[in-house]
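First up is the structure itself, then whatever we jot down about it.
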Amino acid sequence: MDIIGSAEHISRQLSRFSRVNLAYFPTPMERLDRIGGELGVELWIKRDDFMPLAFGGNKLRKLEFTLGDAIARESDVIVTTGAVISNHARLTTAAARKVGLDVVLVLRGRDSFPMDVKGNLLLDHLLGADVRVYDIGREEVDRALKEVAGELRNKGRRPYILPTGGATPVGVLGYVNAALELACQMEELGIDVDYVVHSTGTGGTQAGLVLGFRLLDLPVEVLGFSDGTPAGWLEENTLRLARGAEKILGVEGLVRRRDITVVDGYSREGFGVVTGDVVKVMKLFARREALLLDTVYTGKAMFGLISMVEDGKLDRGSRIIFIHTGGTPLIFHLDDIILKEGDL
Ligand SMILES: *Cc1c(COP(=O)(O)O)cnc(C)c1O
């Protein structure tokens with residue numbers, strides 16, 4: 001079967017799941033000739049930051065399916081979590097509002113991000129989330145989510161818990177769909193791609209892409225650049241999510257351990273820690289291509305990609321699609337660090 005034919009077939013399987021409409025697809029693909037030329041690679045960018053709802057980003061693809069599931073289960077309030085700078089918190093609030101659901105945010109205040117109400121946190125308030133900041137670390141989040149859900153149930157509400165990043169097997173379907181979309185665009189544009197590259201944090205995006213390409217039997221290598229989360233944990237979690245998604249799709253054993261590659265050697269000191277190299281890459285992209293990257297996800301991933309090409313770990317002449325996963329409002333939350341490191 002040709003790619004478009006099999007993509008249509010898988011699309012029909014996906015249409016069995018309840019889904020809400022949150023963006024216009026396909027998102028655009030652009031060729032970055034200026035930076036690609038300087039690096040000696042063919043570089044494309046898929047603009048998953050280009051979605052009209054509340055500045056967009058990868059989380060909306062997952063939310064189309066998870067909120068569809070929440071509505072099918074007759075939930076009336078979404079309970080989710082993230083750091084105070086979370087893109088997922090902002091987009092969950094926006095998407096839930098759009099379809100008439102309430103949102104309670106359980107935000108971690110112990111990650112040493114600025115607590116000022118700006119960037120995503122400002123938008124969470126503007127969009128009307130019930131914002132609760134807890135002095136807890138990642139390991140205490142599950143308990144806090146359950147407590148909030150219990151409190152809501154006692155008040156007669158019907159809560160739906162979404163874990164960090166919206167990373168559930170149902171959410172993964174959003175990026176299975178994105179893989180189909182990409183495959184069709186590659187065929188239409190005549191791109192024979194070597195690598196699909198993106199920022200990874202929970203593994204949901206990568207699990208969907210890898211599973212989508214396996215369903216299509218398309219030999220594309222997906223490289224996830226870690227946001228600072230250790231690669232070993234992330235690869236395991238990605239595999240777990242991919243297997244979960246296989247199960248609900250009624251397929252088995254498609255995604256193998258070796259299909260999942262996470263690179264963490266370029267994400268420096270850890271999640272949210274910003275270094276001058278990343279800000280330098282943000283400046284380069286802003287000035288050469290007028291493309292805006294952020295300090296936590298897309299800037300780090302692009303720094304990793306450029307470093308791998310420069311270090312000879314990715315061949316010159318490679319054909320690469322970088323997925324811009326969004327995160328624009330982070331620029332306006334971590335502005336101090338950009339000014340400090342950026343020498344603007
Ligand atoms: C959440 C996020 C990621 C990571 O996506 P996962 O599916 O959680 O791995 C990457 N980029 C941006 C901008 C994000 O907000």
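Can you pull the accessible area of V220 for me, 1.4 Å probe, Å² to the nearest 10?
20 Å²
With a probe of 1.4 Å, find how much accessible area the range 186-344 has per residue, and write the answer as a whole number in Å².
41 Å²
With every protein chain present, what accessible area does F50 have (1.4 Å probe, heavy atoms only), rounded to the nearest 10 Å²?
Looks like 120 Å² after rounding.
For the range 154-241, what percent of Cα pairs sit more than 22 Å apart?
Tail of the P(r) past 22 Å holds 32 percent of the pairs.
Along each principal axis of its Cα atoms, how long is the chain end to end? Whole angstroms, biggest number first, please.
60, 53, 34
How high is the relative contact order of the range 22-117, in percent, counting Cα pairs under 8 Å that sit 6 or more residues apart?
After rounding, I find 22 percent.
Restricting to DSSP H runs of at least four residues, report the calculated mean residue ellipticity at 222 nm for the chain, -39500 (n - 2.57) per run over all residues, nearest 500 deg cm²/dmol.
After summing the helix terms and dividing by residue count, I get -14500 deg cm²/dmol.
Quote the convex hull volume per residue of the range 1-141, based on C-alpha atoms, as a whole number of Å³.
172 Å³
Mind listing the long-range amide H neighbours of I136? Cut-off is under 5 Å, sequence gap 5 or more, other chains count too, H placed in the peptide plane at 1.01 Å from N.
Counting only residues 5 or more places away or on other chains, the set is G109, R110.
Can you list residues whose amide H is under 5 Å from L223's amide H, if they're 5+ apart or on another chain and H is modeled 1.01 Å from N?
Amide H to amide H, under 5 Å and 5 or more residues apart or across chains, L223 pairs with V196, V197, H198.
Put D135, D294 in order of accessible area, largest first, 1.4 Å probe: what do you get?
Heavy-atom accessible area, descending, gives D135, D294.
Please work out the Cα center distance from the range 1-69 to the range 210-224, rounded to the nearest Å.
Rounded to whole Å, the Cα centres lie 14 Å apart.
Could you give the C-alpha radius of gyration of the range 247-344 expressed as a fraction of 2.2 N^0.38 Å, taking N as the number of residues it contains?
The reported ratio for this selection is 1.28.
Principal axis lengths of the range 214-279 from Cα atoms, whole Å, largest first?
Cα extents, longest axis first: 45, 21, 16 Å.
With θ taken as phi - 60° and the coefficients 6.51, -1.76 and 1.60, list the Karplus ³J(HN,Hα) couplings across the range 105-112 in order, rounded to whole Hz; mark glycine and proline as x.
With coefficients 6.51, -1.76 and 1.60, one gets 9, 9, 9, 7, x, 9, 8, 6 Hz.
If the viscosity is 0.890 mPa s and the temperature 25 °C, what Stokes-Einstein diffusion coefficient in µm²/s follows for the range 11-51 when Rh is the Kirkwood radius over Cα pairs?
The Stokes-Einstein estimate is 193 µm²/s.
Whole angstrom only: what separates the Cα centroid of the range 244-266 from the Cα centroid of the range 97-170?
Centre-to-centre distance over Cα atoms comes out at 28 Å.
So for the range 91-237, what percent of the C-alpha to C-alpha distances run longer than 22 Å?
53 percent
Roughly how much of W233 is accessible, in Å² to the nearest 10, using a 1.4 Å probe?
130 Å²
Could you give P(r) for the range 73-166, binned at 5 Å from zero, as whole percent values over all Cα-Cα pairs?
That works out to 3, 15, 27, 26, 18, 8, 2, 0, in percent per bin.
In whole Hz, with x marking every Gly and Pro, tabulate ³J(HN,Hα) for the range 71-76 from phi via Karplus 6.51 cos²θ - 1.76 cosθ + 1.60, θ = phi - 60°.
Each residue of the range 71-76 in turn: 5, 4, 8, 6, 6, 10 Hz.
When only alpha-carbon atoms are used, what values of Rg and Dmax, in angstrom, describe the range 154-312?
Using the Cα atoms of the range 154-312, the pair Rg, Dmax is 16.8, 59 Å.
How do Y134, Y175 rank by accessible surface area computed with a 1.4 Å probe, from largest to smallest?
These residues rank, largest area first, as Y134, Y175.
Would you work out what percent of the accessible area of the chain, with all protein chains in place, is carbon or sulfur (probe 1.4 Å)?
Carbon and sulfur atoms account for 50 percent of the accessible area of the chain.
Apply the Karplus parameterisation 6.51 cos²θ - 1.76 cosθ + 1.60, with θ equal to phi minus 60°, to every residue of the range 230-241 and state each ³J(HN,Hα) to the nearest whole Hz, in sequence, with x for glycine and proline.
Rounded to whole hertz, the list is x, 4, x, 4, 5, 5, 4, 5, 5, 5, 4, 5.
Express in nm, to one decimal, how much length is gained between E8 and V99 on full extension, taking 0.36 nm for each residue of separation and deducting their alpha carbon distance.
Length gained, E8 through V99: 30.1 nm.
The values are calculated or read from the model by the stated rules, or taken from the named source; none is laboratory data. Owing to the predicted nature of the structure, the values given are computational and were not obtained by experimental measurement. Note: accessible area is taken over every heavy atom of the protein model, side chains too, but ligands, DNA and RNA are not part of it. Shrake-Rupley method; radii C 1.70, N 1.55, O 1.52, S 1.80 Å.
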